[in-house]
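The numbers here are math on the coordinates, done by the rules we state, and not lab data. As the structure is a prediction and not an experimental result, all values here were calculated from the model. Positions of Cβ are generated from backbone atoms using ideal geometry, with glycine treated the same way; all protein chains shown enter the neighbour counts.
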Amino acid sequence: MPKLIEIRDLSKVYERGRQKVEVLHHIDLDVDQGDFVALMGPSGSGKTTLLNLIGGLDAPTGGSISVGGQRIDQLKAAALAKWRASKVGFVFQFYNLMPMLSAQRNVELPLLLTKLSGAERRKRAAIALQLVGLADRASHKPTELSGGQQQRVSIARAIVSDPMLLVCDEPTGDLDRQSAEDVLGLLRVLNRDHGKTIVMVTHDPKAAEYAHRTHHLDKGSLVAPAELAA
Amino acid sequence: MKYLHLVWASLFRRKTRTLLTLVSIIAAFLLFGLLDAVRTSFAQAGQSANGAARLQTGSKLSFIQTLPLSLAQQIERVDGVKAVAYANWFGGAYQDPHNQVFSFAVAPNYLDLFPEIAVTEAERKAFAGTRTGALVGEKLAQRFGWKVGDRVPLQSNIFPDRSGSKNWHFDVVGILHATDKKTGGWFDQMFMLNWKYFDETTPYNQGAAGWFVTRVTDVNQADRVARAIDALSANSDHETRTQTEQAASAAWMKQIADIGLIVGSIMGAVFFTLLLLSGNTMMQAVRERTSEIAVLKTIGFSSRSVLAMVLAESVLLLVLGGLAGLGLATLLIPVVSAGSGGMLNLPAVGAGSWALGLALMGGIGIVVGALPAWNAMRLNIVDALAGR
């Protein structure tokens, strides 16, 4: 499998006032195209920071990140926004839907950045909602949906522009077990049947079982399973 | 345009707050429409084409100072003068001192200089032939329910008759109509009385006029003629100031009150308050949407798009309220004018007022939205998503 993500010597330092906090130290990581990878680790281990860097939401302090052959660490803010719009879908723990928009309108949001006509946008949003099993809830506002349904709407929003990569930050962290299973099942289908590469941060070992492989982070470094066991 | 639904939905995310802010904006622009109509009404006085061909000569010292009537013959002889008439302020009130009437004693030829005042030949003849006759503006007659043939008592707040009484009686012999309602609303409010009756009845006016009105043969020569008229009284005890009717009207209005300044001051205060109020609304609205704005940026909306959307939201808020307020003013002005029985004759909200209103809506919208839009543009996605 060709590599989709290549991370080399990646580090990230945050400045909190006068203090410098090194959150990631010299990370090397490859993710194959079509892979489903889970990132696990205790709080403060740097998983979300790594996910943000992979998704182009933040810039590294050192090292490089290539996604689909594109050095995203070298892109300026506007170019990076454009890149995110076409290449990455985001799924958050708390869904982060627009409360004043219907499910259909929420799913359409990424398509507003394309040149598609209104009719085409509506059609694609309807297909995405159908894919996540919520075609009949298109006109509902987020407050009229359960947590699991909201997360599925957010997945529909993430895939509507057909990105190559899905980055998911604790996608089941706010859900009950059944809803979590549904959402993870949906991610598995997207990975297996639609070829989406998925990088998912999770605390939940059961969620991690849905991934092909799991990487552990501790204190900003990737650790081997053996080290973890020790 | 494809972002419009998003901007609209954001604007009405908190319906009650947005509606209350809209009510404030509507009130501000309603006031703007009404006050601007008052200002326009005053500014239009004397701005007709006929007004441009007329000069007004008054005392250089004060508009209450009179001038010798003999000046009329001297002015008539000035090169470029076509006709001269004179008048004086009567200062009448009807029934109650609050019912002030724009009443003037006018020379027999006064109406010759004002072709924009329509009055029938029969009425003019009746005016000339009736010592106590009066010509009354259309709106003024409507206001007090006067008609031709009525005997009308007026109390002058300046001039008594020879017995010392300030109560005068007049016979309405005709109705004055302004041919151009836009610039001649003033004439609809006039009450004209015969000079002879006035001059012979009061002991305080013999041989004096309040002002002279001169019609020039060539509008382009008006400045030269004005200087020549003023030269007639130079270094005398009755020096004059001759101005175009427009300038004289403006100066006269300013002696009563600087309407432009008053209107400007009120509107300045209103819009300043509006700026703070809607600015606060926008700041709150954007602050509580921090995570939503972060999500928009996450999925690829550029910082510029976010800036434009917040600015569009604040401009839309102002435009919605402003259009409703000015629209309401447009509907209310004829009602207010009609309801005042002719006392108020406000012009409709004109293209100029609409243009100024739209510019204010856009300008205030941009100013109000600038800071929240800037903050939204600079929002750090990672910090915002983490709730920092």
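Here are the numbers for this structure:
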| read-out | value |
| --- | --- |
| Farthest toward positive dipole pole in the protein assembly as shown [+1 Lys/Arg, -1 Asp/Glu at C-beta], among B:His5, B:Met190, B:Thr201 | B:His5 |
| Rg [Å, one decimal], Dmax [Å, integer] - region B:66-237, C-alpha atoms | 16.6, 48 |
| ³J(HN,Hα) computed for each position of region A:204-221 - Karplus, 6.51 cos²θ - 1.76 cosθ + 1.60, integer Hz, glycine/proline x | 8, x, 5, 5, 5, 5, 6, 7, 6, 8, 10, 10, 10, 10, 8, 6, x, 10 |
| Zone of B:Thr217's modelled label, taken as backbone nitrogen in region B:50-91 under 11 Å from a point 7 Å along Cα→Cβ | B:78-83 |
| Kirkwood Rh in Å, taken over chain B so that all alpha-carbon pairs contribute | 24.6 |
| Theoretical gain in end-to-end length, B:Asn109 to B:Lys60 [0.36 nm per residue, Cα-Cα removed] | 15.2 nm |
| Cα-centre dipole for region B:50-134 with unit charges at Cβ (Lys and Arg positive, Asp and Glu negative), debye to 20 | 200 |
| Part-to-part distance (alpha-carbon centres) for region A:1-52 and region B:87-127, which is given in Å | 91 |
| Among B:Thr179, B:Leu154, B:Val213 - extreme Cα towards positive end, dipole of region B:66-237, charges at beta-carbon | B:Leu154 |
| Equivalent ellipsoid semi-axes, chain A, via Cα gyration tensor eigenvalues times 5, rooted, Å | 29, 20, 16 |
| Value at 222 nm in deg cm²/dmol, rounded to 500, when DSSP H runs of n ≥ 4 in chain B each add -39,500 (n - 2.57) | -17000 deg cm²/dmol |
| Neighbouring partner chain Cβ atoms per residue of A:80-86, average, 10 Å criterion | 4 |
| Peptide B:291-298 - average C-beta neighbours from other chains (10 Å radius) | 6 |
| Whichever lysines have a C-alpha closer than 28 Å to that of A:Lys115, once near sequence neighbours (fewer than 8 apart) are set aside | A:Lys76, A:Lys82, A:Lys87, A:Lys123, A:Lys141, A:Lys196, B:Lys2, B:Lys297 |
| Within chain B: Cβ-based charge dipole about Cα centre, in debye rounded to nearest 20 (Lys, Arg +1; Asp, Glu -1) | 1460 |
| Percentage of interatomic Cα-Cα distances in the protein assembly as shown larger than 49 Å | 44 |
| Cα-based equivalent ellipsoid, region A:63-150: semi-axes from gyration tensor eigenvalues, Å | 28, 16, 11 |
| Rounded to the nearest 20 debye, dipole of region B:66-237 from Cβ charges on Lys, Arg, Asp, Glu | 220 |
